[in-house]
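J.: Before we start, here is the structure in question, set down as structure tokens.
The values are calculated or read from the model by the stated rules, or taken from the named source; none is laboratory data. Given the structure is predicted, the values throughout are model-derived calculations rather than measurements. Positions of Cβ are backbone-derived with ideal geometry, glycine not excepted, and every protein chain shown enters the neighbour counts.
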Amino acid sequence: MAITHNLGYPRIGAQRELKFAQEAYWRGDSSLEELERLGAELRAQHWQQQAALDFVPVGDFSFYDQVLDTSFLLGNLPERAQHFHGAELDNYFRIARGRSAQQVHAEHPCQCDIHAGEMTKWFDTNYHYIVPEFTATTEFSLHSERLLAQIAEAQAAGHRVKPTIIGPVTYLYLGKSKDGSDKLALLHKILPIYAQLLEQLAAAGIEWVQIDEPILVTELDEAWQQALRVAYQYFNPSPVKLLLATYFGRLEDNLHLLSQLPVAGVHMDAINARDEVTTLLTLLPQHSVLSVGVINGRNIWKTDLQAALTWLAPIAAQLGERLWLAPSCSLLHVPMDLAQEQHLDAEVRAWLAFAVQKLAELSILAQAIKHGSDSVAAELAANQRDLAARRASARVHQPRVAQAVNAITADMERRRSAYPVRLALQAASLSLPLYPTTTIGSFPQTTSIRALRKQYKTGELSAAAYEAAIQQEIALCIREQETLGLDVLVHGEAERNDMVEYFGEQLNGYVFSQYGWVQSYGSRCVKPPILFGDISRPNAMTVQWIRYAQSLTDKPVKGMLTGPVTLLNWSFVRDDQSRELTCYQLALAVRLEVLDLERADIQVIQIDEAALREGLPLRQSEWQHYLDWTVKSFCISANGVQDHTQIHTHMCYSEFNDIIAAIAAMDADVITIETSRSDMELLDVFDEFAYPNDIGPGVYDIHTPNIPSTEQIIHLMQQAATRIPAKRLWVNPDCGLKTRQWSEVLPALKNMVEAAASLRAEV
Ligand code: GLN
Ligand code: ZN
């Protein structure tokens, strides 16, 4: 009774071994063989860590991205990558990273540069995949060597293997048609390839295959629903048993569809769609397996095992052998092992579970179902103790914070006067020229700055010495900006390691892990802070630095803050209250900081909301609610200021079609956005909406070292001025400059300032 399995495991390694191996290979410091060997070692370790499960997943390991792996598996390489003669993995990295083969690896010189595949977010996670490319003439062919070899590896190590693959309909859905042709027209070409793969898997001794169709949790039109029916009918009868997996949300309209697909089993997310599991139970055919994802694969909290068992008991009684247990989704989205953490706050640590601990929880649940709760009485009691401690902790629940949230009034969300009134007051006090120039906040985070911080954190450098050194950096940054002739200056963010961590470290309610890394894309990992309790701000967080910067110049210096929605979306957050409520708490903390900056005579304050758009729910029907509370949060944080204080916000992306009304409702005096790569076309949506406030469309891409010419910038601003009145326009880069070198930043900004001057002269 109760088979346990896992949908996928973190692949980067407990110490990010994969990242370092990838990067060493890309630099030319190690060989392909070494990289392959490390991959095999990690897989072996990871299967070993999952060995208590009835099935271990195979196919979840990847040298870059599992969607790109699928493109290779199906022989769907973009035309530009089809005639490569080197190693397959080199070609793979070329598509992933868009480098010439020479840069990929010095041993295989080839002058052909190709551009990278587009990258986009995997559903509502912070994982990014390489978008498959299709045209009307796309052909598929099976290249299963890698997958079969990994299956053989796992079998040889004695594991019971369940391969996991991305389903054909989700694969097509996630891809992009490059010629405007209908992707669904490719379905009849792709299905035989999958069928061939299933035959091969059967021949390899595989009993069950997990086939992921997470698009089932999104709103699908009839054509895509039909594609799912066609696909799974096509595989029926299948030479292997198919476990069709959905996760990340509710099925809603697709629930019936799912129940009718002729597969041997279904996996459902019982965290987000618990009630739907109960409905599905009444719909599933007699012999079907139902895998329930009872452990949250997206957060870092311990499961309430007793509650899970109570809920599972009748389901287990009904399903018997046909009940499978798993985390709700792949564990790719959580850190690997809590046991590695040496400095984590002991109280909070007792409430947490990373991937290894989540699988242990799964075993306890299975044990209880098989042999009765008494067989795991001690484990269950310990779990209950930890959860009770969390519920009762005075660090989690601070009555004053709850009171402050309850005391939020509509007045707190609104500026005192409407924009035109503020504009006049701000114009008088700031006296900025037409086309004012500014930057987004950060200046180069040099190795010497990072070394300083490291020394400070290890205690090598005293607080006073660190502060003096950072002040020097700020002074340098102000001097350079004055020399360049920028109009609104920034302090440069030298003191910040990261735009979320910096604030999280100073707020009550946050803790930080040492090794809690999660893959974001390729070799890039993020370590989200853990927001565990009510948020309060014991002290001002930025005022001393900004005030110091302002003391060095007569030009206005922008205070620089991360907004509540971004603090929320880039953290692991609480599961014991709504995201909305947590966001209001963050908003109140940021509001206090804004007011302190204003009291310190800072006239311009920027509140970055880089992550507002990416938090949009998967289902459009839920967007409005999300936008309502996120905009409200921003407004609470920003709008307590006097009319003469100028509020900026910044968003580093370029899709505003769906959220323009929300952006307008934020009512920031100035918004700076990423636009340089779209030739200003994305301003159309601001134009059509008649967006009233000031806009700073980014005039150059900060992701490349290229220096934009004055002419290019003038051209872009002229394009902008055809859509937005010139008097509403600011001139600035696309985003912060922290990843660039001073040698790139100075000439680029010089050209930018020159461009602004020449635009002014034309008027
Ligand atoms: N102020 C931040 C910076 O300049 C903004 C970063 C971002 O938008 N991602 O670095
Ligand atoms: Zn940005």
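J.: Tally the residues that are assigned to a helix (DSSP H, G or I) and touching a Gly at 6+ places or on another chain (Cβ under 7 Å), restricting the search to segment 156-189. Break it down into steps so the answer makes sense when it comes.
T.: Restricting attention to segment 156-189, the residues satisfying the condition of being assigned to a helix (DSSP H, G or I) are 156, 168-174, 183-189.
Subsequent filtering for residues that are touching a Gly at 6+ places or on another chain (Cβ under 7 Å) retains 183.
Qualifying residue count for the region: 1.
J.: Taking the criterion of being within 14 Å of ligand 1 (Cβ to nearest atom) and outside any loop (DSSP other than H, G, I, E, B), would at least one residue in segment 567-575 satisfy it?
T.: Yes - at least one qualifying residue is present in segment 567-575.
J.: For segment 653-675, check the following and say yes or no: at least one residue is in a helix (DSSP H, G or I), away from ligand 2 (no atom under 16 Å from the Cβ) and without any contact (Cβ under 8 Å) to a residue 24 or more places away in the chain.
T.: no
J.: Continuing with this model, one more query. Is one or more of the residues making up segment 528-545 part of a helix (DSSP H, G or I), closer than 26 Å to A353 by Cα and not aromatic (F, W, Y)? Step through it out loud before you land on a result.
T.: Taking segment 528-545 as the starting set, the residues that turn out to be part of a helix (DSSP H, G or I) are 543-545.
Narrowing the set further to residues that are closer than 26 Å to A353 by Cα leaves none.
Within segment 528-545, none of the residues are part of a helix (DSSP H, G or I), closer than 26 Å to A353 by Cα and not aromatic (F, W, Y).
J.: Do you know which residues across segment 474-500 are at pLDDT 95 or above and of a type outside the set (A, V, I, L, M, F, W, C)?
T.: Of everything in segment 474-500, those that are at pLDDT 95 or above and of a type outside the set (A, V, I, L, M, F, W, C) turn out to be R479, E480, Q481, E482, T483, G485, D487, H491, G492, E493, E495, R496.
J.: Restrict the check to segment 540-561 and report whether at least one residue is more than 16 Å from ligand 2 (Cβ to nearest atom), within 19 Å of the chain's Cα centre (by Cα) and modelled with pLDDT of 95 or more. I'd like the intermediate steps shown before the answer.
T.: Looking only at segment 540-561, we keep the residues that are more than 16 Å from ligand 2 (Cβ to nearest atom), and these are 540-557, 559.
Filter once more, so that each one left must be within 19 Å of the chain's Cα centre (by Cα): none.
No; the residues of segment 540-561 include none that is more than 16 Å from ligand 2 (Cβ to nearest atom), within 19 Å of the chain's Cα centre (by Cα) and modelled with pLDDT of 95 or more.
J.: In addition: Does segment 643-698 hold any residues that are in contact with a helix residue (DSSP H, G or I) (Cβ under 7 Å, 6 or more places away or on another chain), more than 24 Å from L486 (Cα to Cα), more than 16 Å from ligand 1 (Cβ to nearest atom) and polar (S, T, N, Q), and which are they?
T.: If the condition is that a residue be in contact with a helix residue (DSSP H, G or I) (Cβ under 7 Å, 6 or more places away or on another chain), more than 24 Å from L486 (Cα to Cα), more than 16 Å from ligand 1 (Cβ to nearest atom) and polar (S, T, N, Q), then N657 is the only one that fits.
J.: Something else about it: For segment 461-482, which positions are in contact (Cβ under 8 Å) with a residue 12 or more places away in the chain and hydroxyl-bearing (S, T, Y)?
T.: Correct list: Y466 only.
J.: If you scan segment 643-652, which residues turn out to be in a strand (DSSP E or B), away from ligand 2 (no atom under 14 Å from the Cβ) and not β-branched (V, I, T)?
T.: Result: Q646, single match.
J.: Just to verify a result, which residue in segment 547-577, among those that are without any contact (Cβ under 8 Å) to a residue 24 or more places away in the chain and of a type in the set (S, T, N, Q), is surrounded by the most Cβ atoms within 10 Å (Cβ to Cβ)?
T.: Q577
J.: Same structure, new question: Are any residues in segment 582-605 on the phi < 0 side of the Ramachandran plot, among the acidic types (D, E) and touching a helix residue (DSSP H, G or I) at 6+ places or on another chain (Cβ under 9 Å), and if so, which ones?
T.: Step one: filter segment 582-605 for residues on the phi < 0 side of the Ramachandran plot, giving 582-600, 602-605.
Pick out the ones that are also among the acidic types (D, E) and you get 593, 596, 598.
E593, D596, listed by residue number.
J.: Moving on to the next point. Suppose the filter is within 21 Å of T438 (Cβ to Cβ), among the charged types (D, E, K, R) and within 14 Å of ligand 2 (Cβ to nearest atom); does E609 pass it?
T.: In short, yes.
J.: Yes or no: G28 on the phi > 0 side of the Ramachandran plot and under 26 Å from the mean Cα position of the chain (by Cα)?
T.: Values: on the phi > 0 side of the Ramachandran plot: yes; under 26 Å from the mean Cα position of the chain (by Cα): no.
Spelling it out, it is not the case that G28 is on the phi > 0 side of the Ramachandran plot and under 26 Å from the mean Cα position of the chain (by Cα).
J.: Check R11, R43 and return the single one that is in contact (Cβ under 8 Å) with a residue 24 or more places away in the chain, assigned to a helix (DSSP H, G or I) and within 26 Å of S328 (Cα to Cα).
T.: When all the criteria are applied, what remains is R43.
J.: Which residues, taken from segment 597-620, are away from ligand 1 (no atom under 11 Å from the Cβ), in a loop (DSSP other than H, G, I, E, B) and within 30 Å of Y548 (Cα to Cα)?
T.: A600, D601, I602, Q603
J.: With the condition kept exactly as written, say whether any residue in segment 244-263 is more than 27 Å from L332 (Cα to Cα), assigned to a helix (DSSP H, G or I) and of a type in the set (A, V, I, L, M).
T.: Yes, the conditions are met somewhere in segment 244-263.
J.: Here's a check for you: in segment 213-257, which residue that is among the small types (G, A, S) and more than 16 Å from L198 (Cβ to Cβ) is nearest to the chain's Cα centre (by Cα)? Give the derivation first.
T.: Restricting attention to segment 213-257, the residues satisfying the condition of being among the small types (G, A, S) are 223, 227, 231, 238, 245, 249.
Now narrow it down to the ones that are more than 16 Å from L198 (Cβ to Cβ): 223, 227, 249.
Numbers: A223: 29, A227: 29, G249: 17 Å.
Among them, the one singled out is G249.
J.: Filter segment 412-435 for residues that are crowded, with 20+ Cβ neighbours inside 10 Å and part of a loop (DSSP other than H, G, I, E, B); which is farthest from ligand 2 (Cβ to nearest atom)?
T.: R415
J.: Please pick out the residue among L737, L729 that is more than 16 Å from ligand 2 (Cβ to nearest atom), at pLDDT 95 or above, surrounded by 14 or more Cβ atoms within 10 Å (Cβ to Cβ) and not small (G, A, S).
T.: L729
J.: Name every residue in segment 319-353 that is within 8 Å of G297 (Cβ to Cβ) and either out of contact with any Gly (no Cβ under 6 Å at 6 or more places or on another chain) or surrounded by fewer than 19 Cβ atoms within 10 Å (Cβ to Cβ) (or both), in order of residue number.
T.: Residues satisfying the conditions are H333, V334.
J.: Determine which member of the set L257, L305, L284, L280 is more than 25 Å from D337 (Cβ to Cβ) and buried (at least 20 other Cβ atoms within 10 Å of the Cβ).
T.: Result: L280 is the single residue among L257, L305, L284, L280 that is more than 25 Å from D337 (Cβ to Cβ) and buried (at least 20 other Cβ atoms within 10 Å of the Cβ).
J.: Has segment 511-522 got any residue that is among the hydroxyl-bearing types (S, T, Y) and surrounded by 21 or more Cβ atoms within 10 Å (Cβ to Cβ)?
T.: Yes, some residue in segment 511-522 is among the hydroxyl-bearing types (S, T, Y) and surrounded by 21 or more Cβ atoms within 10 Å (Cβ to Cβ).
J.: Oh, and also: Which residue, of E473, E480, is touching an Asp or Glu at 6+ places or on another chain (Cβ under 9 Å), assigned to a helix (DSSP H, G or I) and within 16 Å of ligand 1 (Cβ to nearest atom)?
T.: Only one candidate passes the filter, namely E473.
Here's the yes/no breakdown for (1) over 20 Å from I663 (Cα atoms); (2) touching a strand residue (DSSP E or B) at 6+ places or on another chain (Cβ under 9 Å):
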site	(1), (2)
I695	no, yes
D701	yes, no
N706	yes, no
T710	yes, no
L716	yes, yes
I724	no, yes
V731	no, yes
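J.: Here's something else I'd like to know. Scan (1) of a type in the set (D, E); (2) at pLDDT 95 or above; (3) within 22 Å of L746 (Cβ to Cβ) for the single condition D694 breaks and write down its number.
T.: With respect to (1) of a type in the set (D, E); (2) at pLDDT 95 or above; (3) within 22 Å of L746 (Cβ to Cβ), D694 is out only on (3).
J.: When the residues of segment 578-602 are narrowed to those that are of a type in the set (K, R) and over 19 Å from the mean Cα position of the chain (by Cα), which ends up surrounded by the most Cβ atoms within 10 Å (Cβ to Cβ)? Spell out the reasoning first.
T.: Of the residues in segment 578-602, the ones of a type in the set (K, R) are 579, 591, 599.
Still in the running and over 19 Å from the mean Cα position of the chain (by Cα): 591, 599.
Details: R591: 24, R599: 10.
The qualifying residue surrounded by the most Cβ atoms within 10 Å (Cβ to Cβ) is R591.
J.: Could you please give the count of residues in segment 437-481 that are of a type outside the set (F, W, Y) and either surrounded by 14 or more Cβ atoms within 10 Å (Cβ to Cβ) or within 16 Å of ligand 2 (Cβ to nearest atom) (or both)?
T.: 26
J.: Would you please name the residue that is farthest from S758 (Cα to Cα), looking only at residues in segment 699-747 that are away from ligand 1 (no atom under 16 Å from the Cβ) and basic (K, R)?
T.: The residue in question is R723.
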